[in-house]
Amino acid sequence: MCVCVFNSFQADIVLRGYIAWNSRRALQVITKIFPKDSAVQPSLVVVYFGGNDSIAPHPSGLGPHVPLEEYMDNMRKIGEHLKSLSNKTRVIFLSCPPLNEELLKKSTSTALSEIVRTNETCRLYSEACISVSKEMDIKVVDLWNAMQKREDWATACFTDGLHLSEEGSNIVVEEILRILKEAEWDPCLHWKAMPTEFGEDSPYDLVASSGKSTINPSEWTFHRKRSWE
């Protein structure tokens, strides 16, 4: 899941997304992705696991299912590692979102064995993630409830019953921005509070209509489809 709402040159955004991974597999590589001896540590890490963990277990023992208690313990370990990277590293967990069961059944590939996902199980894993977050004093986005505030969430928020549509992604962004705006973090990591790197006026900026000066476009946002707060 990627959320990018920053203006130009306000943050380096590193995306580390691995399709169909669960929290158990993430623990195997977390020290490689976020080594403690790195010269530069992240200011913010947004973590999402739970959607695959919450898939029902397969009779063979294979597959991404992770039992609820283990999922909670895995999230604790992930949170502990990230918080230990530096005094300035902040963490946000995203809880398991809901899903449209009927639409998902229609879109699942026939190459796969039956994958059992239910909205009720998503709720349980969402609540578990929220519980761990409160226990560890980690900010959390309650996606399961946030998305269902829309009456048409089941059709508007997904492309296939599981993966987020533009509307679903917008909800995720809004919730993350709300946390960034409200959090008493120093420095503030809300995009409007972050300085623009090399944002000073320059004779190489766009020329104004007068032809006698330039206009600095660093803080422009009018060209965006949606103006984020």
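The values are calculated or read from the model by the stated rules, or taken from the named source; none is laboratory data. Being a predicted model, the structure only gives us computed values, none of them experimental. Glycine gets a Cβ as well: all are built from the backbone with ideal geometry, and neighbour counts include every protein chain shown. Ligands, DNA and RNA are stripped out before the accessible areas are found, and what is left, the full protein with its side chains, is counted by its heavy atoms. Shrake-Rupley method; radii C 1.70, N 1.55, O 1.52, S 1.80 Å.
Quick check on the chain: helices-only [θ] at 222 nm, where DSSP H runs of length 4 and up contribute -39,500 (n - 2.57) each and the sum goes over total residues. Nearest 500, please. Display every interim value, and only then the final one.
Details: 7 runs with 78 residues, N = 229.
Theoretical 222 nm ellipticity from helices: -10500 deg cm²/dmol.
Assuming 0.36 nm per residue, please report the length gained on full extension of the stretch K106 to V40 beyond their Cα-Cα distance. Don't skip to the answer; put the middle values down first.
On the way: separation 66, 0.36 × 66 = 23.76 nm, distance 4.50 nm.
Stretched out fully, the K106 to V40 stretch lengthens by 19.3 nm.
Pull up the DSSP beta bridges for region 23-193 and report the antiparallel fraction as a percent, rounded to 5.
On the way: 1 of 9 bridges.
Restricted to region 23-193, the bridges split so that about 10 percent are antiparallel.
List the relative contact order of the chain as a percent without decimals, with contacts defined as Cα pairs under 8 Å and 6+ residues apart. Walk me through the numbers before you get to the answer.
Details: 299 pairs, mean separation 45.2, N = 229.
Reported as a whole number, the value is 20 percent.
Just the number please: accessible area per residue for the chain, 1.4 Å probe, all protein chains included, in Å².
That works out to 60 Å² for each residue.
Can you list the HN-Hα couplings for region 115-129, worked out from phi with the Karplus curve (6.51, -1.76, 1.60; θ = phi - 60°), rounded to whole Hz and with x for Gly and Pro?
Residue by residue, region 115-129 yields 10, 9, 10, 10, 5, 5, 5, 4, 4, 4, 6, 5, 5, 5, 5 Hz.
On the protein heavy atoms, probe 1.4 angstrom, tell me the percent of accessible surface of region 127-178 carried by carbon and sulfur. Walk me through the numbers before you get to the answer.
Details: 1170 of 2520 Å².
Reported share for carbon and sulfur atoms: 46 percent.
If the reach is capped at under 27 angstrom between alpha carbons, list the lysines near K139, excluding any in the same chain fewer than eight residues apart.
Straight-distance partners of K139: K32, K36, K77, K83, K88, K149, K181, K192.
When you count, for each residue, the other Cβ atoms within 10 Å and take the mean per peptide, how do 171-181, 88-98 rank with the highest first? Before the final figure, lay out the partial values.
Numbers: 171-181: 17.6, 88-98: 22.1.
The densest-packed peptide leads the list: 88-98, 171-181.
Under 10 °C and 1.306 mPa s, how fast does the chain diffuse according to Stokes-Einstein, given a Kirkwood radius computed over C-alpha pairs? Answer in µm²/s, whole number. Let's see the in-between values first.
Details: Rh = 19.7 Å.
After rounding, the answer is 81 µm²/s.
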